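Read through the structure below, which is laid out as structure tokens, and then see the notes.
The values are calculated or read from the model by the stated rules, or taken from the named source; none is laboratory data. This one's a predicted model, so the numbers in the text were calculated from it and none came from an experiment. Positions of Cβ are generated from backbone atoms using ideal geometry, with glycine treated the same way; all protein chains shown enter the neighbour counts. These area figures cover heavy atoms from the full protein model, side chains too; ligands, DNA and RNA do not enter into them. Shrake-Rupley method; radii C 1.70, N 1.55, O 1.52, S 1.80 Å.
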Amino acid sequence: VYVEAWGGDEALVGAVRRVEPKAFTRVSALGVEEQRVNVLIDLLDDPEDLPGHWEVHRFGTMTVEAFFDEIDFFVYFTNPCWRESFGRVIAEAIAAGKVVITDPGTAETFGSSVVASDGTDVDEVIAGFIADPGAYQEFVTRAQDWMRRFSGDAFAQSLSKQFTEIGKRTRALL
């Protein structure tokens, strides 16, 4: 993350350590109630301390499509105090043809379409897929097939079946 407008001339670079699990309400100078949450950030002494294979982009400086075009793996770990309700960003990564590696709690929602990891084996998981491009493609294809159950067409078919069943029950009562 970048911390700007902190009083210095340069933005500070850091990593989110914790998002507090409880929000609080503040009233702005205009009288508007705002929901806020505290975020704890570990500041990097020197932005050059980032691992050599990392590239940091400010939020909003590239489109989602451009971001996904630059990566092969999407590594996403949710703060332990936070729970993804579905994980739209993970669904977007799968739809874009990326192997997703995420924490076990978040992975529960996506089953075998993502790789569950505690974070200690990410390099090994990636190395395994790099060593076997066929396995990478097979995993991506299977994950995208799994995601189709959430498509607009699948939803429409589900609704159609339900309405047909309701119609049958209604006619049976008449």
Between residue 5 and residue 118, what FRET efficiency comes out of the Förster formula 1/(1 + (r/R0)^6) with R0 = 45 Å and r the beta carbon distance, rounded to 0.05?
0.80
Hey, what do the phi angles of the range 18-32 turn into as Karplus ³J(HN,Hα) couplings, whole Hz, using 6.51/-1.76/1.60 and θ = phi - 60°, x for Gly and Pro?
7, 9, 4, x, 10, 8, 9, 10, 10, 9, 6, 4, 8, x, 8
Could you sort 62, 147 by accessible area so the largest value comes first, with the probe set to 1.4 Å?
62, 147
Given 10 Å bins starting at zero, what is the percent of C-alpha pairs of the range 73-167 in each, up to the one with the largest pair distance?
15, 42, 26, 12, 4, 0
Mind listing the long-range amide H neighbours of residue 18? Cut-off is under 5 Å, sequence gap 5 or more, other chains count too, H placed in the peptide plane at 1.01 Å from N.
40
Charges at C-beta only: +1 for Lys and Arg, -1 for Asp and Glu. How large is the resulting dipole of the range 59-167 about its Cα centre, in Debye rounded to 20?
540 debye
Inverse mean reciprocal Cα-Cα distance (Kirkwood Rh) of the range 1-77, Å
15.6 Å
Where a ≥ b ≥ c are the square roots of the eigenvalues of the C-alpha gyration tensor, would you call the range 1-42 rounded, which needs a/c under 1.5, or, failing that, prolate if a/b is larger than b/c, or oblate?
oblate
Sort out the exposed loop chymotrypsin sites (Phe, Trp or Tyr not before Pro) in the chain (DSSP loop, at most 15 other Cβ within 10 Å) and tell me the longest stretch that has none.
87-174
³J(HN,Hα), Karplus 6.51/-1.76/1.60, whole Hz, each residue of the range 155-160, x for Gly, Pro:
5, 4, 5, 4, 4, 4
Amide H proximity to residue 99 below 5 Å, modelled H, separation 5+ or other chain, gives 74
Take the Cα atoms of the chain, find their three principal axes, and give me the spread along each one in whole Å, biggest first.
75, 57, 28
Given 0.36 nm per residue, what is the gain on full extension from residue 22 to residue 76 after removing their alpha carbon distance, in nm?
17.3 nm
Can you give the FRET efficiency to the nearest 0.05 for residue 57 and residue 146, using r as the Cβ-Cβ distance and R₀ = 22 Å?
0.15
Accessible area (Å², 1.4 Å probe, nearest 10) - residue 151:
40 Å²
